[in-house]
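Following: one structure in structure tokens, then a few remarks.
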Amino acid sequence: MKTELLTAAETARAAEIIRNGGLVAIPTETVYGLGASALDDGAVKRIFEVKGRPQDNPLIIHVSSADELDAWCRDIPDAARRLAAEFWPGPLTMVLKRRSVVPDRVTAGLDTVAVRCPDHPAALETIRLAGVPIAAPSANLSGKPSTTTAQHCIHDLTGKVDAILDGGPCRVGVESTIVDMTVSPPRILRPGGITAEQLERAAGPVSTESSSVKSGETPRAPGMKYRHYSPKAEVTIIKSDIKQKIYDYVNSQPNEGAAVLCFDGESRFFPGKLCAEYGTEGDPSSMAERLFARLRELDRDDIERVYARCPSGEGVGRAVCNRLEKAAGGRIICL
Ligand code: TXA
Ligand code: MG
């Protein structure tokens, strides 16, 4: 299949492809999405095929405004309306009871649907012009780091989708916060660009569940049980209150096949190792923005081990830690 490369101005073409049952990688403020009409069963089926995504992992539907909520969801609590008023368009996904018009294929048979209004002009315009909600998982091949530039999408999806809409690099860089609004208090299923503190200020208490899923336990967000975001290499998070201990540990490991994912300015502490600096210490938003691009750069045949620095889990740092922990598959060394 030939993949059209569209500029951010060509939203009418993107919308036409989606209306006709095609697949388009679309930019959002979090990560790129692999979009299709949420109401077209065949198109949604192709999303799963192209990504190599397990069928039991439901998709988020993207709407252009909170006014569309009632068309796809029912029993919407006041808190959900308050959160939509406060944070949409933006990096917040709400899980709500679904109406039966939302195809089973999208929700993987659940009686809920995840809904989000993305804060990106090209995405909003495409949804509006298509006249349908757009179902979209992150636009990466399953298991790989999410895509935050059109180049990443070209790498993963050329020849597999009808078009890629280039909206520039994603501003937030990690996926949206997912909050389950069908329980009381609402429960954060995935940390993201909107923090628990922000949610609580707008709509009262929320609960957080541990991001790791133990074997035998049913994850609330089905996607959270899969290995994710990983380069080919084995990623290990190295933690300590004393930075020197981290440097000493990493430096005691062989240089061959090793890389370090570290904070800005830290490369000089790891002489002889390939380093990728991914953000300013104390500024987790800068880390969120660059994390996936750096993980992709480290996805090379000659890199077998990646030692990763992880920010403290506050604010957006929580989302960064969550993605790193997934990439590391739980390998964390505390010194
Ligand atoms: O920022 C984002 O959320 C990006 C952009 C493209 O919008 N999308 C994204 O989609 O991250 P995806 O498919 O990579 O992750 C969606 C997550 C999965 O873990 C999935 O299991 C969960 O949302 N999810 C979807 N529908 C759900 C539902 N009804 N109940 C619980 N979890 C749900
Ligand atoms: Mg994803």
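In table form, for the structure just shown:
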read-out	value
Any hit, region 130-140, residues being more than 18 Å from Leu199 (Cβ to Cβ), touching a Ser or Thr at 6+ places or on another chain (Cβ under 8 Å) and assigned to a helix (DSSP H, G or I)	yes
Residue within region 198-206 that is more than 16 Å from ligand 2 (Cβ to nearest atom), under 22 Å from Val31 (Cα atoms), modelled with pLDDT of 95 or more and out of contact with any strand residue (DSSP E or B) (no Cβ under 8 Å at 6 or more places or on another chain) present	yes
Phe48 vs. criteria of a type in the set (A, V, I, L, M, F, W, C) and surrounded by fewer than 20 Cβ atoms within 10 Å (Cβ to Cβ)	yes
Region 230-249, residues that are modelled with pLDDT of 80 or more, closer than 23 Å to Pro54 by Cβ and in contact with a helix residue (DSSP H, G or I) (Cβ under 6 Å, 6 or more places away or on another chain)	Pro231, Val235
Restricting region 81-129 to residues that are free of Cβ contacts under 8 Å to residues at least 60 places away in the same chain and not in a loop (DSSP other than H, G, I, E, B), the residue that is farthest from Gly204 (Cα to Cα)	Asp104
Residue in region 133-144 that is over 19 Å from Leu291 (Cα atoms), more than 16 Å from ligand 2 (Cβ to nearest atom) and crowded, with 22+ Cβ neighbours inside 10 Å present	yes
Residue ranges of strands (runs of 3 or more DSSP E) in region 1-77 with at least 1 members over 25 Å from Arg190 (Cβ atoms) and within 16 Å of ligand 2 (Cβ to nearest atom)	none
Filtered residue count, region 1-29, keeping only those that are within 11 Å of ligand 1 (Cβ to nearest atom) and more than 19 Å from Ile154 (Cβ to Cβ)	1
Residue in region 174-184 that is nearest to Gln198 (Cα to Cα), counting only those that are assigned to a loop (DSSP other than H, G, I, E, B) and within 10 Å of ligand 1 (Cβ to nearest atom)	Ser176
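The values are calculated or read from the model by the stated rules, or taken from the named source; none is laboratory data. If you're wondering where the values come from, they're calculated on a predicted model, not measured in any experiment. Heads up, the Cβs are rebuilt from the backbone with ideal geometry, glycines too, and the neighbour counts pull from every protein chain shown.
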